[in-house]
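This report concerns only the one structure given below.
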Amino acid sequence: MASARLIRAFHYRHMKPFLLLPGLVLCLLLVTTPAHAYVDPNAGGMLFQLLAPVFAGIVGVWLFLRQWISAFARRLWRRLTGRNAE
């Protein structure tokens, strides 16, 4: 009888919705499974060698396009408003 009252007291409908997601995430993080895998110590170096040029290229293109787009927008604004180059 007491266990039925306890189950009703902690029924999921009475739980706060904002507590449900962190509780589920915590349960998933606490469950462990065997990995049966080996990660080579140099795998981080290889990953860095692959991602560093990609990141540098993305940043370079972003900086180049940002300057080109702002210059284009400035020229267009000057033409539309009739202002001379300042």
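Coordinate-derived values only; no laboratory data. This one's a predicted model, so the numbers in the text were calculated from it and none came from an experiment. We place every Cβ from the backbone using ideal geometry, glycine too, and count neighbours over all the protein chains shown.
In terms of the Cα gyration tensor, with a ≥ b ≥ c the square roots of its eigenvalues, is the range 27-86 rounded because a/c is under 1.5, prolate because a/b exceeds b/c, or oblate?
oblate
Using θ = phi - 60° and the Karplus curve 6.51 cos²θ - 1.76 cosθ + 1.60, what whole-Hz ³J(HN,Hα) does each residue of the range 58-64 get, with Gly and Pro shown as x?
Each residue of the range 58-64 in turn: 5, 5, x, 5, 4, 5, 5 Hz.
With r defined as the distance between the Cβ atoms of Leu21 and Leu47 and R0 fixed at 30 Å, what FRET efficiency is calculated, to the nearest 0.05?
Rounded to the nearest 0.05, the efficiency is 0.45.
Mind giving me the nanometre distance, one decimal, between the label points for Ala56 and Arg75, set 7 Å out from Cα along Cα→Cβ?
Placing both labels 7 Å along Cα→Cβ, they lie 3.0 nm apart.
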